[in-house]
1. Name the long-range amide H neighbours of VAL31: under 5 Å, sequence gap of 5 or more, or other chain; modelled H, no Pro or chain starts.
2. Would you mind finding the longest exposed-site-free stretch of the chain, with exposed GluC sites (Glu not before Pro) meaning DSSP loop and at most 16 other Cβ atoms within 10 Å?
3. Quick one: if the Förster radius is 25 Å, what FRET efficiency do VAL96 and ARG7 give, using the C-beta to C-beta distance and rounding to 0.05?
4. Would you mind calculating the relative contact order of segment 4-250 from Cα pairs under 8 angstrom and at least 6 residues apart, reporting the percent as a whole number?
5. What list of ³J(HN,Hα) couplings, whole Hz, do you get for segment 232-237 from phi and the Karplus terms 6.51, -1.76, 1.60, once you set θ to phi - 60° and write x for glycine and proline?
6. I need the helices of the chain that pass two filters: whole DSSP H segments spanning 20 Å or more by Cα along the axis, and mean Kyte-Doolittle score no lower than 0.0.
7. For a paramagnetic label modelled at 7 Å from the Cα of ALA118 toward its Cβ, which residues of segment 47-69 fall within the zone defined by backbone nitrogen distances under 12 Å?
8. To the nearest 0.05, what FRET efficiency results for GLU79 and ILE59 with a Förster distance of 22 Å applied to their C-beta separation?
Amino acid sequence: MSTRSSRDLMPPFAWIDIPAGKVTLEAGGYVPEGGQTFDVAAFCIAKYPMTNSQYAKFIEAGGYTEKQWWTEVGWDEREMYEWMEPRFWQDEHLNVPDHPVVSVSWHEALAFCRWLSAVTGENITLPTEQQWQQAAQGDDKHLYPWGNEWDASRCTHNPVRFSGSYHTTPVTQHEGKGDSPFGVVDMVGNVSEWCLTGSSGKDHLDSRSEMRMLRSATVSDKPENLRATFRISNFPHTRYGDYGFRLARLP
């Protein structure tokens, strides 16, 4: 189904329909020992992480000067740190049009979603970590989006994250090789992706202290850290050189 977002955003962009299902999250944070299974309602997820060319539209539209797109805490952080673009936006090795946007905080990612929702009239947000894992594993529940066997050629992963050392690749580079069962691309490697979910398991959007979950470890050459179930968290103002995001769309 064609939507305004799929027409207006710079390619490559597409929505993938993810059916309802169940996911089991590994223990840690709000998830007890032994893991926990969650029901996930049907939703849509972006086929690729957001790219630099797509994020540039938010900047060009005055996204960093319009308070209405930001949570109260996010705007405070933006003003305090004087953000006007991603941390490494001027790095020619990272700001490549079809590469994923990186060095964005959770606040910036959510502001982008709010802006795009207003522009398109669609209900666009960050995926919860349950939604993210459902899109990555599907009903097969494989260790990796493509199956149970590690294959380094199916994703981009790096040992270091900082500008000058870390590098990204086009979001389509591993399409057809590292896809999830639903055809979602780049769900392991390239960038770690912010999720809506807080470390308490809730979505307290204006918490000043609650960490946020990320999925898709990138700064590792260890297969166990590149599993579809691997979970990490960080403070929402963090802007590491491998932190990016992808979109979810709700009914």
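1. Distant-sequence amide H within range of VAL31: zero hits.
2. 176-251
3. Once the sixth-power term is evaluated, E becomes 0.60.
4. Relative contact order, segment 4-250: 26 percent.
5. Each residue's phi maps through the Karplus curve to give 9, 9, 7, 5, x, 8 Hz.
6. Sorted by number, the helices that extend far enough and score high enough are 106-120.
7. 61-69
8. For GLU79 and ILE59, the calculated efficiency is 0.85.
Throughout, read-outs are computed from the coordinates displayed, never taken from laboratory work. Only a predicted model underlies this, so the values are computations on that prediction, with no experimental measurement involved. Ideal geometry is used to build each Cβ from the backbone, glycine not excepted, and the neighbour counts take in all protein chains shown.
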